[in-house]
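Asks: Take this structure, written in structure tokens, and hold onto it; I'll ask about it next.
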Amino acid sequence: MTIPYYSQLLPILSDRSRLAATSWYRFANVPLRNHINELFSQPFGEPGSFLADPAFEAVFGWQAGDKRMSDLAGNLLQMRLSMLWTTRPEN
């Protein structure tokens, strides 16, 4: 059994991008609208294609640490950076 991963997502992204561009601008000129649709129908990243190759970014979960920025001063961080961070109103 083959797991498609992102391969099924690419046509959906292309179609949604095409719909967003053509519906947002509401091109009244039919040849222009047809040209835009043709650009979106070309493979990603090909010369003349409207869309570049898709890029996916891995996102990893994180867990809050028990150290504060001031605890890292002088060891991992420079004191000046730690002081800037700790003087911020939301911290």
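Asks: What is the distance, in nm, between label points placed 7 Å from the Cα along the Cα-to-Cβ direction at Leu84 and at Ser23?
Replies: Each label point is offset 7 Å from its Cα along the Cβ direction, giving 4.4 nm.
Asks: For the stretch 4-65, what is one quarter of the convex hull surface built on the Cα atoms, given in nm²?
Replies: Hull-based average projected area comes out at 6.4 nm².
Asks: Report ³J(HN,Hα) in whole Hz for each residue of the stretch 70-80, in order, from the Karplus equation J = 6.51 cos²θ - 1.76 cosθ + 1.60 where θ = phi - 60°; Gly and Pro get x.
Replies: Listing the rounded values in order: 5, 5, 8, 5, x, 10, 9, 10, 6, 4, 4 Hz.
Asks: Explain nothing, just compute: Karplus ³J(HN,Hα) = 6.51 cos²θ - 1.76 cosθ + 1.60, θ = phi - 60°, for every residue of the stretch 17-30 in order, whole Hz, x for Gly and Pro.
Replies: Here the 3J(HN,Hα) series is 5, 4, 4, 5, 5, 6, 7, 5, 8, 6, 4, 7, 6, 4 Hz.
Taken together, the values in this text are just the output of simple stated rules run on the coordinates, not laboratory data. None of the values given here were measured: they were computed from a predicted structure. Methodologically, a virtual Cβ is constructed for each residue, glycine included, from the backbone with ideal geometry; neighbour enumeration extends over all protein chains shown.
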